[in-house]
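For reference, the structure discussed in these notes is given below.
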Amino acid sequence: MEDYAQIEKEYVMRSWSCQADVKVNMIEKAEGIYFWDKSGKRYSDFSSQLNSTSCGHNVKEINNGIIEQLNKYAYIGPGLGSEARAKLGKMVADIAGPNYRKTFFSSSGTEANEAAVKAAKWYTGKYKIISRYQSYHGATGIAMMLTGDPRRFPNEPGYPGILHGPDCYCYRCPFNLKYPGCDIMCARYIGDMIRYEAKETVAAIIAEPIVGSNGIIPPVKEYFPMLREICDQYNVCLIADEVMTGFGRTGKWLAIEHYKFQPDIITTAKNLSATYVPLGGTTYSKKISDYFEDHWFVEGHTYAGHPLACAAGVATINYMKKNKLVENAAKMEKVMEKRLNEIKADHKSVGDVRGKGLFWGIELIKNTKTREQAGTREEKFMRGHVPIPAKVTGECMKNGVFFLQMVSTLLFAPPLSITPEQINEALDVVDKALEISDKEVVK
């Protein structure tokens, strides 16, 4: 019998890894919120893989939507028409609202963000882009430079004109201020950046409505309306990176709905097709869509608007509507919030709990007075060293609960179909594993 774990290790280049350190756990099957490895061990998928399998695994309605398209044709190029592509474009526009029109469909979130930045540059005639330090926007050239976390460093110097500013991160305010008396300095500082960089050069601000892999950090309610005002003042496009938060993750179809602002461009992926087939989307407001009616949209690639991917998107949205998954995510917010705050009260290593819908993070600390993080950016990419949060994650994996971890935060984003019982079952395992990080707290 073939040893496919060894074959994968030998012939497949793994993401974000020193290849010699890779250990392959072959997965045999997946169903609902669970997956099983080759030994038969079951895991609760408490991060929806990469915050993406939002509808759960092996959903027959989505499978059938893909098969139906496959039986028509697998692929026709983006220069020809596709019923699935047309349907999905209309569905996305309807969800985004009357201010939005056209979507460029690609095959990933990073490509979606690249298409957003390029369009903002063409539309404004300017070239600088402001991102934030607690951010991840993708792994391709421009998107990697937009990213604030250490994954950017090996790819520098990268592209000119990309700047980074502070985040709305109240637990670790970069200005050492307290909300609401802070006057939302984190937003005002972005306005200062535009002025100091010369408003004639800044094309766009890109931000995740809720920071994703860098900590699940929801902003205060005033933050994005203030950014919108700043962008309007200086003729700067506002790009909302909804690759993680879009399509139900936060209990709304789009996370921008929580903060009552309208960006000029919205990027999506992951939950757009529940990752059944690779799909990204860059949705443009009417004014930007109209600009390209008589200006070249100089973007495209072989997989743009791939019919199978678009069919998966159509089937995903239909399934979400039929089964009220967005509404379920909103209901489960209270279940997550209650149980996570109970865990916080019982564990001195839990510094902060934050999130919306089914998008939550626990930030671990090792000093209750200074809030020193239990893991650092430097440790994340230190070969041979296992940070405290990674030890907690590993212990949970041993006990059948899979989720992601970044720097000092445990990231929870289970499928939107999850039940209260399934949430509590998984969080009971997390509760027990946090004894590991409690032992590392010095005060």
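Evaluate E = 1/(1 + (r/R0)^6) for GLU293 and LYS199, where r is the Cβ-Cβ distance and R0 equals 25 Å; express this FRET efficiency to the nearest 0.05.
The value I calculate is 0.40.
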Which percentage, to the nearest 5, of the DSSP beta bridges contained in segment 209-321 is antiparallel?
60
Antiparallel %, DSSP beta bridges [both residues in segment 61-322], to 5
40
Name the most mobile residue of SER17, SER213, SER106, meaning the one with the largest mean-square fluctuation, in a Gaussian network model of the chain with Cα contacts below 10 Å.
SER17
Which of the three applies to segment 25-135, rounded, prolate or oblate, going by the alpha-carbon gyration tensor with a ≥ b ≥ c and a/c under 1.5 meaning rounded?
oblate
Indicate the gyration tensor shape class of segment 115-257 (rounded, prolate or oblate), computed on the Cα atoms with a ≥ b ≥ c the square roots of the eigenvalues: a/c under 1.5 is rounded; otherwise a/b larger than b/c is prolate and the rest oblate.
rounded
Of the residues PRO218, PRO263, PRO154, which exhibits the maximal mean-square fluctuation in a Gaussian network model of the chain defined by a 10 Å Cα contact cut-off?
PRO154
Can you tell me what share of the DSSP beta bridges in the chain is antiparallel? A percent to the nearest 5 is fine.
65
GNM on the chain, C-alpha springs below 10 Å: top fluctuator among LYS121, LYS72, LYS178?
LYS72
Cα Rg, Dmax (largest Cα-Cα span) when computed across the chain, Å:
21.5, 65
Please work out the Cα center distance from segment 175-204 to segment 24-46, rounded to the nearest Å.
45
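Using alpha-carbon pairs under 8 Å, 6+ residues apart, how would you state the relative contact order of the chain in percent? Provide the component values of the computation, followed by the final result.
Details: 894 pairs, mean separation 90.6, N = 443.
The value is 20 percent.
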How large, in Å, is segment 61-322 by the Kirkwood hydrodynamic radius built from its alpha-carbon pairs?
18.7
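Just so you know, all these numbers are worked out from the coordinates, no wet-lab data involved. Just so we're clear, the structure is a prediction, and the values are computed from it rather than from any experiment. For neighbour counting, all protein chains shown are included, and Cβ atoms are generated from backbone atoms with ideal geometry for every residue, glycine included.
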